[in-house]
Amino acid sequence: MMKITFLGTGVSVPFENRAQSSILVEEDCRILIDVGCGCMLRLEQAGVDVCDIDAICLTHNHLDHNGDLLNILKARWLNCTEKLQIYAPEGTRFFLESLLEAYPYLRSKLKFDVFEVKKFKVGNLNFKVMPTIHSIESQAYIIDDTVVVSGDTRAFAELISSECRYMIHELSLPFNYPSDYHTTPENLKENLKFCRAEKIFLVHLYPQTHAVKEEIIRFLDFDAEVVDDLQSVKA
Ligand SMILES: [Zn+2]
Ligand SMILES: [Zn+2]
């Protein structure tokens, strides 16, 4: 049984005290999917020590998804010695090395490995990666054919039709909002006909999208829920 905890359901602007993107996956291991700002605080509130994290999976390197990465690595340097496994899109190793040029005092201290791979295993859980449609190299995670985490993307059939029980999908934008790289209600609905999940959890809503969330849920005509920080579900 997998436990999913939504640590951060927010976006790049402050809103309703939501932390930025982050999801905790627990089974025989503990994995963070994205670590936006506020993630480390939420992790403490969820009663999980940073040293008990086995791996971090990044969907992409936008600041609202990786802002707490160096904070977490630094806290681990101060509290434990184990290397952290980071799974991430191509280019992430170079990105992190460049970032550490700006923080020379951390360079030899932080312990991590970066894996830019399409398939991997953490503990008992099998992960598959699918590239998504976003403004930079981005990827969704399909965990044990049970849970899908979209990261930032335009909704598209190949991802939405993935074998799973629960779909965790972004819904950044409100009705009639032109965008190639994020999801709108219309864009999600036209793809939900391919959805094999029994329920979809919606995250990453901008304030103008939250303002019409009841209308959106009615419009989608699917078992969909806008989730809050620290809410959890068993899968
Ligand atoms: Zn993004
Ligand atoms: Zn984002």
Task: Close pairs (6 angstrom Cβ cut-off, 6 or more residues apart or separate chains): on the phi > 0 side of the Ramachandran plot in the range 107-134, surrounded by fewer than 14 Cβ atoms within 10 Å (Cβ to Cβ) anywhere - done: G123/D28
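Restricting attention to the range 60-74, report how many residues are within 16 Å of ligand 1 (Cβ to nearest atom) and open to solvent by 60 Å² or more (accessible area, probe 1.4 Å). First the steps, then the outcome.
Step one: filter the range 60-74 for residues within 16 Å of ligand 1 (Cβ to nearest atom), giving 60-69.
Add one more test, that the residue is open to solvent by 60 Å² or more (accessible area, probe 1.4 Å), and what stays is 63.
Matching residues across the range 60-74 total 1.
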Open item on the list: Can you pull out every residue in the range 139-148 that is more than 16 Å from ligand 2 (Cβ to nearest atom) and open to solvent by less than 20 Å² (accessible area, probe 1.4 Å)?
Closed with: I142, I143, V147, V148
Task: Residue among C57, C29, C51 that is away from ligand 1 (no atom under 16 Å from the Cβ), of a type in the set (A, V, I, L, M, F, W, C) and touching a residue at least 40 places away in the same chain (Cβ under 8 Å) - done: C29
TODO: Look at the range 10-42 and say how many of its residues are buried (at least 24 other Cβ atoms within 10 Å of the Cβ) and within 20 Å of F127 (Cβ to Cβ).
DONE: 10
Task: Filter pass, V122 being away from ligand 1 (no atom under 16 Å from the Cβ), within 23 Å of D52 (Cα to Cα) and in contact with a strand residue (DSSP E or B) (Cβ under 9 Å, 6 or more places away or on another chain) - done: yes
Task: Conditions (1) farther than 23 Å from E198 by Cβ; (2) modelled with pLDDT of 95 or more; (3) in a loop (DSSP other than H, G, I, E, B); (4) open to solvent by 60 Å² or more (accessible area, probe 1.4 Å): number failed by E163 - done: (1)
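Here is a yes/no grid of residues against (1) within 16 Å of ligand 2 (Cβ to nearest atom); (2) closer than 27 Å to M2 by Cβ; (3) touching a Gly at 6+ places or on another chain (Cβ under 9 Å):
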residue: W77; (1), (2), (3): no, no, no
residue: C80; (1), (2), (3): no, yes, no
residue: R93; (1), (2), (3): no, no, no
residue: E101; (1), (2), (3): no, no, no
residue: L110; (1), (2), (3): no, no, no
residue: E116; (1), (2), (3): no, yes, yes
residue: V122; (1), (2), (3): no, yes, no
residue: S150; (1), (2), (3): yes, yes, no
residue: C164; (1), (2), (3): no, yes, no
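Every residue, every condition in (1) within 16 Å of ligand 1 (Cβ to nearest atom); (2) open to solvent by less than 10 Å² (accessible area, probe 1.4 Å); (3) out of contact with any helix residue (DSSP H, G or I) (no Cβ under 9 Å at 6 or more places or on another chain); (4) in a strand (DSSP E or B), yes or no:
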{"residue": "W77", "(1), (2), (3), (4)": "no, no, no, no"}
{"residue": "R93", "(1), (2), (3), (4)": "no, no, yes, no"}
{"residue": "L96", "(1), (2), (3), (4)": "no, yes, no, no"}
{"residue": "E137", "(1), (2), (3), (4)": "yes, no, no, no"}
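Scan the range 105-116 and give yes if some residue there is in contact with a Pro (Cβ under 8 Å, 6 or more places away or on another chain), open to solvent by 30 Å² or more (accessible area, probe 1.4 Å) and modelled with pLDDT of 95 or more, otherwise no.
Step one: list which residues in the range 105-116 are in contact with a Pro (Cβ under 8 Å, 6 or more places away or on another chain), which gives 116.
Next cut, open to solvent by 30 Å² or more (accessible area, probe 1.4 Å) only: 116.
Filter again for modelled with pLDDT of 95 or more, leaving 116.
So far as the range 105-116 goes, yes, one or more of its residues are in contact with a Pro (Cβ under 8 Å, 6 or more places away or on another chain), open to solvent by 30 Å² or more (accessible area, probe 1.4 Å) and modelled with pLDDT of 95 or more.
Look at S232 and say whether it is surrounded by fewer than 22 Cβ atoms within 10 Å (Cβ to Cβ), more than 16 Å from the chain's Cα centre (by Cα) and small (G, A, S). Let's see the steps before the verdict.
Numbers: surrounded by fewer than 22 Cβ atoms within 10 Å (Cβ to Cβ): yes; more than 16 Å from the chain's Cα centre (by Cα): no; small (G, A, S): yes.
In short, no.
The values are calculated or read from the model by the stated rules, or taken from the named source; none is laboratory data. Keep in mind it's a predicted model, so treat the numbers as computed, not measured. Please note: Cβ atoms are built from the backbone with ideal geometry, for glycine as well, and neighbour counts cover all protein chains shown. We work out accessible area using only protein heavy atoms, side chains counted, and drop any ligands, DNA or RNA first. Shrake-Rupley method; radii C 1.70, N 1.55, O 1.52, S 1.80 Å.
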